Each structure stands twice: as structure tokens, then as C-alpha cells.
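Written out below as C-alpha cells is the structure these notes cover.
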Amino acid sequence: MNRKRKELIISVTGVLLLLLSAVFCYQTVRDAIIDNEKESIQNIAEVSSHSLKATLQGKSNLVYAALSGDMASEESIEASLLKIGEKGKYIRLDQVSQLQDWEADSCEEAGKNPGHVIAGPIKKTYSGGYVLYLTKAVYMNRSIAGYVQIELNLDEIYEGEQDLSNLNVGNQGYCIVKDIDGTTVMADARNEKEEISFSSKDVSGCEVVWSYEVEGGSPKKTQKLVAYNTVDFHGVQFVLCVVEDYRDITAPIVKIAFYLSLFGVLILIWVGIFGYRILQQQKEEEKLKIALAHEKELNEANEAMKNQESLMQKYNHSKTMTFLTGALAHEFNNLMTPIVLYSELLSDNDTVMQEMPEEVYELNISAKRCEELAKQLLDYSRQGRAERVLSEYNVTFAVESSISIVSRLIPENIKFETSVCSTSYYIKGQVGALNQIILNLVTNAIHAIGDKKGRIKLQFGLSVDDDQTVRLVVEDNGCGIPKDLRKHVFEPFFTTKKEGKGTGIGLTVVKRMVEEHGGWIQVQSEEEKGTTFIMNFPRVDDSK
């Protein structure tokens, strides 16, 4: 019995050590993820701060250019104010004494530095926004005649600076700008009520801090990862902060840790039950023998079940990786097609080959390596999915660009007809996906026509059924699709081509990309007469 007790103690100790190792691994992986994200958003904060400083400097340069030199009259000063395009006013020397103290101080500073634009201070407006004042001395008859004060609306600068207002970090990341006292002077309307502070006084850095936002009368406390960088503009300091929800970063590893912890608890429960059973078996010898025999059978069954589960997990993992790798190779191959095409065109250009033969040769070699990589990936698998970044783009321009690429792939026996509307329409989806859609459909049409004379027709324009929808139609007069197979054409791995001639994922990828745009696709086909694919995409506001 003592041997059994020792085995139980060793088992429990092993489980505890395993749990401690899991906790250590979790903390290590979490810290690595956080450190990597810190570096990433710190770089974003640095780039955004340079962009903000360049914008402010541009405003300052405009003020300097418009008001430098000897002004002819007050009317010319007012005209220069209009050219600047910002709210401002002209202050004569006799009006300085009537100004507020901070205004008078700015004018005095501008008078001491007549060749410079004086920045500051930052003031809150009646509407709740903030403005930055720029002050410059103006001359008439080679002497200071007065001062011009310009109000830079910081909200307008924030909205106009795409690196700030449209910053895309994680799921809910955003950018705010504070003054040196910690007051938020530039922010999105959704985040302007959120209070974020950090202890460091460094010029730049990254910290994990707590933020507070009032919702329903009570403060909501959340943990944030904040990267900050100081912008010094003519002595006025701004602190640009890139903010990301800490939970968004750690959510994946926390989820994994939860399931691992749950699994560990189940193991502890199982070990406890097993130990209790061993202790009960000490009461009598006969019961112990029976229990041991039963326990052996139970262990064997559990081991077989674990082995089966392990095999199933390996199979599911292998299937998932196969699916992912195939899609990556297929889409990578489509993206490489225009690169290979243009590299071949460069090789055929004598002038280019004379001026930079080594560069063209290296381009060709790299393109061939990429093709070989795609082939190896396709040999391993045959489809998958990847995370997409969706944005609004000019679909008319995208269709025209795709036509210019695929038209070079059309063989001589096929006539390629296109009809694209001249109006610019916008849709939301993955930029570049439309090129892959058209390339896949045109490639399928070429294969369907084969070596015989044929025609491929591509049409794009506003849908006749709904003016909020644009329609893309790809039509060919190839061999068509049998009626009993049409319902399967969008299924993964389904292909009517011979082995080695098709992966069966081209139309699956097309359907997925169309649906990622919020659209839908239809197929019409008749054997020996041809096939038509009709795709509808919802429009977005053209002004964007």
C-alpha cells in the first residue's frame, strides 16, 4: 500500500509541476506577444508624430510665406489672411493693450522675433474643441505695424490627418493627442471622453495603463496599451498616443490558457478520484485485487480513447493546414502571374536588357522561384482561407486595371471583348481581390474554350435591377457545365478538369471573395454553348 501512496504522490506532484510549467509558458508567451505589440505600435506612434509635426509645420510655413516682407496696407494684410485659409485676425499696435494677457504675451514674443512664427498657446473653444494660436509680426514701411494671430482648429487637423483619424490598430485601436499637461486636444468623437494617463515623463515610450470612461453615470475601467511620442512644434509640445485595448492583444492566449487550465482541473479531478479509489482499496485484500483489475481495464480503455483523440486531433490539424496551404499557394500564384508576365516583357525589351541585364535576370530568377514555391505548396495541399483587411476602393478603376493585365493572357484563338462604364463606383472589400476574381474567371473561360475559336466577354456597370448595386459579368462560349454538376462548382476541390489541370479551388476562392465584398454570385451555363458568371456588389458612398 505504501508503494501505491508513493505513486499517487508522484502523480499529483507531476500534475502540479505540469500546471506550473503551463503557467510559466503562458506568461512567457504573453510577455512576448505584448513586447512585440509594444514595438509595433511604438513605430506607428513615431511615424504618426512625424506626420503631425509636418502638417503643423506646413501651416506655419504658409503663415510665414503669406505675411513675410513689407506689407503695402492693412487691406493687403487682410488679403493675406484670406490666402492662409484659417480663422485669424489682424491686431494693430494700438490694440495690443486691450488684449488678454496671453494674447499680449504672444504679440510681445512675436515682436522680439520678427522673422519667426510664434506658436502657442493652446486654448479651448466655446464649442468644446481646441485651437492652437500662431502669431507673427507684420511690417509696413519697414517697421512693425501690428500682429496677425491665426487659429488652427486642432479637430480639423486631426480629421484631415489620415494617419491619426483613420489609424487601424488591432480591433479597436485609435490615436489621441494630448498637450504637455495631459489634456486631450485631438481625439475621435468616440474616444474623447476616455481618460488615459501614464506616469513616464520620457519623450517616447510604451506603457500598460488603466483608462477610465464614464458610461451610464459610472466610470468604466479598462486596461490599455499606450505608445506615446512627443512632438515639439516651435516650443509647443504635443504627446501623440496610440492606444490599443490590452484585452484584444491577450485574448487569444487567455483563451488557450483557459482551456489548458480546464484540462488541468479535469486531470486533477481524475487523479483525486483515482487516489480516493486506491485509499478505499486498502480495506481488504480481495476488494483491492478486484479494483486493481478493473482499474487496469479502465486505464487501457482511457489510453485507447486518448490515442484515438490524439489521432483525430492530428488528422484535423493536418486537414486544416492542407486547406490553408492550398489557398495560400493558389492566390500567391495568381498574384505572381502579372509579375512573371512583366518580367518576360522586360526580357524582350532590348533597351532595358542593355541598360540593366543583371536586374532583369534577377527578377526572372526570383519570379521562377516564386512559381516553384507555389507549385510545391500546391503539391502539399489544395485550398484554404486567410484573414482579410477590407477597405473602400474604386471598383471601376480596379476592373480596368485587371483587364489590362488579363488581356495579355488571352491566346490568339480567343476574342476578348470588354464593356466598362466610365463612372467611378466604390465598393468595400479586400484591395486586389477583384483582380484575382477576374483572373480566375478568365482563366477558367480560356480552359473551357481550349484550342478552338472562341469569345470571352467582360461587362461592368450599374445593375439594371438596383442602382445601389454594381454588376460584373464574365461570359464565354466554351464547353459549358453539365446541368448535374452546376450546383457543385463552388464546392472546395470540385473540378471538371483532368487530374493535374485544376485544383478545384478557383471558383471557391471567387465565391468567397465576392461574399467578402458583401456580394453574391450566380452561374448560368449550357453544355456546348458557354457559361456566364454574374456577380453583384453593394455600392458605398461615392464621395469616399
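The values are calculated or read from the model by the stated rules, or taken from the named source; none is laboratory data. Computed from a predicted model, the values in this text were never measured in an experiment. Don't worry about glycine lacking a Cβ; one is built from the backbone with ideal geometry, like all the others, and counts go over all protein chains shown.
Structure notes:
- Single residue of the stretch 485-544 satisfying the filter (of a type in the set (Gly, Ala, Ser) and more than 27 Å from Ser422 (Cβ to Cβ)) that is modelled with the lowest pLDDT: Gly500
- Within the stretch 411-426, residues that are under 19 Å from Val470 (Cα atoms) have Cβ atoms under 6 Å from residues that are among the aromatic types (Phe, Trp, Tyr) and surrounded by 10 or more Cβ atoms within 10 Å (Cβ to Cβ) in these pairs: Val420/Phe460, counting only partners at least 6 apart in sequence or on another chain.
- Residue within the stretch 116-139 that is in the same structural domain as Glu207 (by TED's automatic domain parsing), buried (at least 19 other Cβ atoms within 10 Å of the Cβ), among the aliphatic types (A, V, I, L, M) and in a helix (DSSP H, G or I) present: no
- Within the stretch 77-96, residues that are more than 12 Å from Tyr147 (Cα to Cα) have Cβ atoms under 7 Å from residues that are in a helix (DSSP H, G or I) and not aromatic (Phe, Trp, Tyr) in these pairs: Ser80/Ala66; Ser80/Leu67; Lys83/Ala66; Ile84/Leu62; Ile84/Val63; Ile84/Ala66, counting only partners at least 6 apart in sequence or on another chain.
- Looking at Val442, Val473, just one residue is surrounded by 19 or more Cβ atoms within 10 Å (Cβ to Cβ) and at pLDDT 90 or above, and that residue is Val442.
- Answer residue from the stretch 81-115, given it is in a helix (DSSP H, G or I) and hydroxyl-bearing (Ser, Thr, Tyr) and is nearest to His234 (Cα to Cα) among those: Ser106
- Per the conditions (1) surrounded by fewer than 19 Cβ atoms within 10 Å (Cβ to Cβ); (2) at pLDDT 90 or above; (3) touching a Gly at 6+ places or on another chain (Cβ under 6 Å), the sole criterion not satisfied by Glu392 is (3).
So that you can scan it fast, the table gives a plain yes or no per residue for (1) of a type in the set (A, V, I, L, M); (2) out of contact with any Phe, Trp or Tyr (no Cβ under 6 Å at 6 or more places or on another chain); (3) surrounded by 15 or more Cβ atoms within 10 Å (Cβ to Cβ); (4) modelled with pLDDT under 70:
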| site | (1), (2), (3), (4) |
| --- | --- |
| Leu266 | yes, yes, no, no |
| Lys283 | no, yes, no, yes |
| Ile290 | yes, yes, no, no |
| His294 | no, yes, no, no |
| Leu298 | yes, yes, no, no |
| Ser310 | no, yes, no, yes |
| His330 | no, yes, yes, no |
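- The requirement of being part of a helix (DSSP H, G or I), assigned by TED's automatic domain parsing to the domain that holds Ser525, in contact (Cβ under 8 Å) with a residue 12 or more places away in the chain and touching a helix residue (DSSP H, G or I) at 6+ places or on another chain (Cβ under 8 Å) is fulfilled somewhere in the stretch 444-462, by at least one residue.
Yes/no per residue for (1) in the same structural domain as His116 (by TED's automatic domain parsing); (2) touching a Gly at 6+ places or on another chain (Cβ under 6 Å); (3) of a type in the set (Ser, Thr, Tyr):
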{"position": "Lys220", "(1), (2), (3)": "yes, no, no"}
{"position": "Val236", "(1), (2), (3)": "yes, yes, no"}
{"position": "Val254", "(1), (2), (3)": "yes, no, no"}
{"position": "Phe258", "(1), (2), (3)": "yes, no, no"}
{"position": "Ile269", "(1), (2), (3)": "no, no, no"}
{"position": "Lys287", "(1), (2), (3)": "no, no, no"}
{"position": "Asn302", "(1), (2), (3)": "no, no, no"}
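- Residue in the stretch 217-229 that is at pLDDT 80 or above, farther than 20 Å from Arg30 by Cβ and in a strand (DSSP E or B) present: yes
- Out of Leu52, Leu93, sole residue that is more than 40 Å from the chain's Cα centre (by Cα) and aliphatic (A, V, I, L, M): Leu93
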